[in-house]
Each structure stands twice: as structure tokens, then as C-alpha cells.
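Here the structure is laid out as C-alpha cells; the discussion comes afterwards.
The values are calculated or read from the model by the stated rules, or taken from the named source; none is laboratory data. Note that the structure is predicted; figures quoted are calculated from it, not measured. In this analysis, Cβ positions are derived from the backbone assuming ideal geometry, glycine residues included, and neighbour counts consider all displayed protein chains. Accessible surface is based on the protein model in full, side chains and every heavy atom, while ligands, DNA and RNA are left aside. Shrake-Rupley method; radii C 1.70, N 1.55, O 1.52, S 1.80 Å.
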Amino acid sequence: MDQPLSDIFADIRSYLEYLKRMGVTELPIADKKTEKIYSAEGSTHVGAIGESPQTYPIKKFSQASAASLAEIRNELGNCQRCKLHKTRQTIVFGEGNAKAKLMLIGEGPGYDEDAQGKPFVGRAGQLLTKILQSIEIQREQVYITNTIKCRPPQNRNPEPDEIANCHPFLLKQIQVIGPEIICALGTFAAQTLLSTDAKITALRGKFYDLSGIRVIPTYHPAYLLRNPEKKRDVWEDMKQIAKALADNER
Ligand code: URA
């Protein structure tokens, strides 16, 4: 059925308001190239809900067996399980609402996070705060953490052994918090949680099942800082999150 024109206008209006909040003051004129970029059609993906879910091979998350976040932090201790301990300033464990319905998982701490011991406090973090506000969610309502808890030198990509050492702690955090939805920010979070090497462009914007928790990957805010034209895709993904949370409220 065709969408009524009033709905289309309302959608355009809310998207423009979102862009304004994101600090966009000019709009590019669409050309063939951008049309192509905006089209997610035809992308391949693995394990989307309703298709053939690919879940990480762990037991279904259960609150009953969950430790507390403080216990997990204690177990992590002054972690020296991988080489990143030699160069980090601080372990960035995560912060936010321990009973959050929405959990956001990024890649790993950057310079500011390493200095302050908190996730997503630099430029990408400020953008993340705005993105959340665009769906009327405040940072205090969610729980934010990273795939790896220590900053890699010069912000290089996390290496497989670093991800593997941190992964059990991330899974425990997820287990304790028991969110309804996890938003995986960027390639490393999405690939690690979904146990896939598919590209973020193929993975984003769809819900996947992680042992009963819905996981939706989207682009990393740092990537958006470099590629602002991708903010539209993130807006679409955020709207899906808002809708899924609202549907669960009913
Ligand atoms: N990028 C991330 O992935 N995590 C942070 O905490 C900050 C920047």
C-alpha cells in the first residue's frame, strides 16, 4: 500500500530535525552516487531474525545465574591478559544503567576514554549522545561499553587475541544487564557479537538474535564523523530501535 503523503512529509521533517540536532546545516543534492550509497537493497547478511539466526554458541542468558557488574569488574581486576595493559592508562569497563533496556557496545577506548576511564566521552561519544537524544533516550538510561576494555596504541584496530580475552567479560556484562536490545556500534562490535566476518554495511539495520537478545548493528559514531552522509542510515537504525523498545512497552 502507498504511504500517505502526510506520513512522508512527517518522516522528512523528523529526519531534517534529526540532521539539525546532529549539526548538519547544509544538504547535498542527491546524485547517482549518493542514491547508490543510501540504498541498502541487495546487501547480503547473516542471521537476521526471521531468516537463519546465527547465534554465538553460549547458553541462553539468564538473570538467575548472573553475577553483578561489580563482581565482573572485580574479576577483571588489574587485567594483564593481553599486551594492551602495557600501554593503557585506565581500564574502561563501561557505565550506565545496570537495568538498561538498551545496551550500546562500541569498539574500544580512545584517547579521552583511556584518560577518563569512561566509554564514549570524546568526539564520537558526544555524537553518540546526540544520536540517542534523537530518539529521546538519555545516556543515563542506557548502558555503554566496548568490545575491548583497553585502548590500543594509536587507536589501531583491536587484534583477535585482545578481543578474545575481553569477550567473556563482555558476555557477562550482557548477561547481568539483560537488555532487550543491543546496538552494536561498528564493525568490531557487530562481528564479535554475531560471530561473523560480514561487513558492517551488510549487517547494519537488521535485528539478529544473540541468545534471546535482539542485536542491531549500525555504523560507529567515529565513522559518522568522517562520513556524515551515513547519518541517514544511522537515523533509520535508531528509529527501528525506538520502535522495538516502544513495541515491548505495550
Ligand atoms: N570509540 C569506541 O569504540 N569506544 C569508545 O569508548 C570511544 C570511541
Output the number of residues of the stretch 203-245 satisfying the condition of being aliphatic (A, V, I, L, M) and within 20 Å of residue 177 (Cβ to Cβ).
9
Can you name the residue in the stretch 120-173 that is among the polar types (S, T, N, Q) and part of a loop (DSSP other than H, G, I, E, B) and, of all such residues, is least open to solvent (accessible area, probe 1.4 Å)?
147
Six or more apart or on different chains, Cβ under 6 Å: which pairs go from a residue in the stretch 174-188 that's within 11 Å of the ligand (Cβ to nearest atom) to one that's in a loop (DSSP other than H, G, I, E, B)? Could you list them?
185/220; 186/107; 186/220; 188/107; 188/147; 188/158
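Among the residues of the stretch 195-202, is there at least one that is in contact (Cβ under 8 Å) with a residue 24 or more places away in the chain and within 16 Å of the ligand (Cβ to nearest atom)?
Looking for residues that are in contact (Cβ under 8 Å) with a residue 24 or more places away in the chain and within 16 Å of the ligand (Cβ to nearest atom), one finds none in the stretch 195-202, hence no.
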Determine, yes or no, whether residue 86 is closer than 17 Å to residue 184 by Cα, more than 12 Å from the ligand (Cβ to nearest atom), modelled with pLDDT of 95 or more and open to solvent by 20 Å² or more (accessible area, probe 1.4 Å).
no
What do you reckon, is residue 110 within 9 Å of the ligand (Cβ to nearest atom), small (Gly, Ala, Ser), out of contact with any Asp or Glu (no Cβ under 8 Å at 6 or more places or on another chain) and closer than 11 Å to residue 148 by Cβ?
no
Total residues in the stretch 203-250, condition assigned to a loop (DSSP other than H, G, I, E, B) and within 16 Å of the ligand (Cβ to nearest atom)
4
